[in-house]
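In what follows, a single structure is set out as structure tokens and then discussed.
Each reported figure results from applying straightforward, stated rules to the coordinates on display, with no laboratory input. The shown structure was predicted, so the numbers you read here are calculated from the model rather than taken from an experiment. Every residue, glycine among them, receives a Cβ derived from its backbone with ideal geometry; neighbour counts consider all protein chains shown.
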Amino acid sequence: MNNKEINIPSLLKIGSGKTSKIGKYLVDRNFTEIALFFSDGIENIVADKLYPGLEKYGIKIVHKDNISDINIENAIHTAFKIPSTTKVLLGIGGGKALDYGKYCAHILKLPYITVPTSVSNDGFCSPNTSLLVAGKRKSVKSTIPYGVVADIDIIETAPKASLYSGIGDTISKITALWDWKQSFLKGYEYFNDFAGLMAYNSLDIIYLCDKLKPEDHEFKYRMVNSLVLSGIAMEIAGSSRPASGSEHLISHALDVVLTSHKQHGIQVGVATYLCSLLQDNRHKQVKDFLLKTGFFNFVAQEPINKQEFIQALKLAPTIKQNYYTVLSEKDSLDKALNFIETDDILKQIIK
Ligand SMILES: [Zn+2]
């Protein structure tokens with residue numbers, strides 16, 4: 001046993017109509033003075049549901065911000081502007097506000113609650129935060145949220161790109177777990193069986209795609225559950241290994257190379273498909289899931305630029321030092337280039 005402290009969210013509410021209950025959740029935990037971070041444009045969307053509930057339970061908003069950037073320096077400045085009476089921070093929105101607020105809470109050592117209004121990646125329940133450091137997007141160590149309140153009624157109104165991004169980030173556990181296990185078998189690092197089990201179980205959603213469509217309420221509910229589990233798996237592992245491997249390296253490289261960026265999970269989903277071919281690992285499951293959910297059709301509407309993708313593929317193994325993935329294998333690049341030219345699906349989504 002190691003004695004590392006593991007945090008798991010104490011407040012976990014996933015379902016319909018949860019936004020209007022936030023005031024009650026807060027007062028029950030004595031979180032009576034709060035700081036709010038909204039993604040740009042989100043306050044209007046949630047105001048009718050959020051504010052009456054806060055008022056009813058006497059919750060005082062002592063700081064409010066609309067977040068449009070993720071610069072780490074701005075987050076640090078903001079953190080020190082937050083009044084000392086603040087009991088909890090809440091991030092409400094898509095990616096940016098959630099990351100920004102998470103880092104502020106981490107600095108201040110205050111509990112943090114995320115209220116994702118779209119579920120485009122696992123950041124709403126992960127111990128890391130994605131911020132701009134010296135102009136470059138970096139995953140910065142932070143603290144896993146104290147709470148997650150995911151209102152499926154609001155998540156249902158999010159743009160389709162977010163939904164498909166969430167689908168891509170969900171399926172990435174297949175290739176991430178393979179990379180981690182191989183790295184362990186080669187003697188490079190420790191494998192945490194429990195974290196592995198949790199990440200593995202988060203993939204149950206792939207068995208539902210025959211019965212459910214991504215538009216279904218139930219599908220989104222399951223997807224949020226799946227992403228929560230993989231976030232907790234990262235906390236248990238003490239690294240992003242359970243949810244991030246070769247496919248995430250390619251996505252990070254695409255962040256550097258692409259002139260026209262896609263959402264994180266869209267890039268990750270495309271890379272997962274390719275990496276499952278390279279790994280010869282559960283490829284049929286990855287393919288079926290991404291086909292049946294309509295992921296490929298969505299990406300094919302605006303394919304990824306082939307030259308830039310190849311550039312990213314070459315850069316990907318250099319993104320993290322001493323980090324084994326399938327991309328570390330000598331013949332992976334040649335194999336990948338061949339798949340890009342010959343695989344019927346890759347020909348549609350990388351052009
Ligand atoms: Zn991800």
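Working note: Karplus 6.51/-1.76/1.60 with θ = phi - 60° gives the range 161-166 the couplings 4, 5, 4, 5, 5, x Hz, where Gly and Pro are set to x. Against the main long axis of the alpha-carbon atoms of the chain, helix 42-56 sits at an angle near 40°.
Neighbours of residue 8 by Cβ distance under 15 Å: Lys/Arg scored +1, Asp/Glu scored -1, total -1. Evaluated with a Cβ-only charge set (Lys, Arg +1; Asp, Glu -1), the chain carries a dipole of roughly 500 debye about its Cα centre, given to the nearest 20. Expressed as an acute angle from 0 to 90° and rounded to the nearest 10, what is the orientation of the C-alpha long axis of helix 246-257 relative to the principal long axis of the chain? Helix 246-257 sits roughly 80 degrees off the main axis of the chain. If you take the alpha carbon atoms of the range 128-278 and fit the smallest convex hull around them, that volume is 132 Å³ per residue. When you count the other C-beta atoms within 10 angstrom of each residue and take the mean per peptide, 267-276, 311-320, 172-181 line up highest first as 267-276, 172-181, 311-320. FRET efficiency for the residue 285 to residue 73 pair, using the beta carbon distance and R₀ = 45 Å, is estimated at 0.60.
Using amide H atoms built 1.01 Å from N in the peptide plane, name the residues 5+ places from residue 304, or on other chains, whose amide H lies under 5 Å from its own. Excluding prolines and chain starts, which carry no amide H, the hits are 350, 351. Label point of residue 47 set 7 angstrom out along Cα-Cβ; within the range 81-103, amide nitrogens under 18 Å from it belong to 92-94.
Subtracting the Cα-Cα distance of residue 320 and residue 261 from 0.36 nm times their residue separation leaves 19.2 nm of extension gain.
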